[in-house]
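Comments concern the structure below.
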């Protein structure tokens, strides 16, 4: 069985992959280049004052990754519902019993 990618296939793969790479890799490199702290939570001192926060909000990074997963889920639902091209249609035939 041959697999042919359509425009929708390529768009879904590019969009979901791009969103996840942006959220994980690109913004991770931005965080590393920005310096410490590397954690998602702000650093506080003993008095409870915030002394350092991450450069990119962790909810933004999480949102980008979840958006990529959502695009993949919607693409999967589309592939589940859309009819396959070139698939032989089955028809019911009346058969007389002996």
Open item on the list: Quick check on the range 82-98: of everything there that is modelled with pLDDT of 75 or more and closer than 18 Å to residue 3 by Cβ, which residue is surrounded by the most Cβ atoms within 10 Å (Cβ to Cβ)?
Closed with: 82
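Residues 43, 72: which one is surrounded by 11 or more Cβ atoms within 10 Å (Cβ to Cβ) and within 18 Å of the chain's Cα centre (by Cα)? Even if it seems obvious, please write down each step before you answer.
Details: 43 fails: within 18 Å of the chain's Cα centre (by Cα).
Going through 43, 72 in turn, just one is surrounded by 11 or more Cβ atoms within 10 Å (Cβ to Cβ) and within 18 Å of the chain's Cα centre (by Cα): 72.
The values are calculated or read from the model by the stated rules, or taken from the named source; none is laboratory data. Everything quoted here is computed from the prediction, not taken from an experiment. Neighbour counts run over all protein chains shown; Cβ positions are idealised from the backbone, glycine included.
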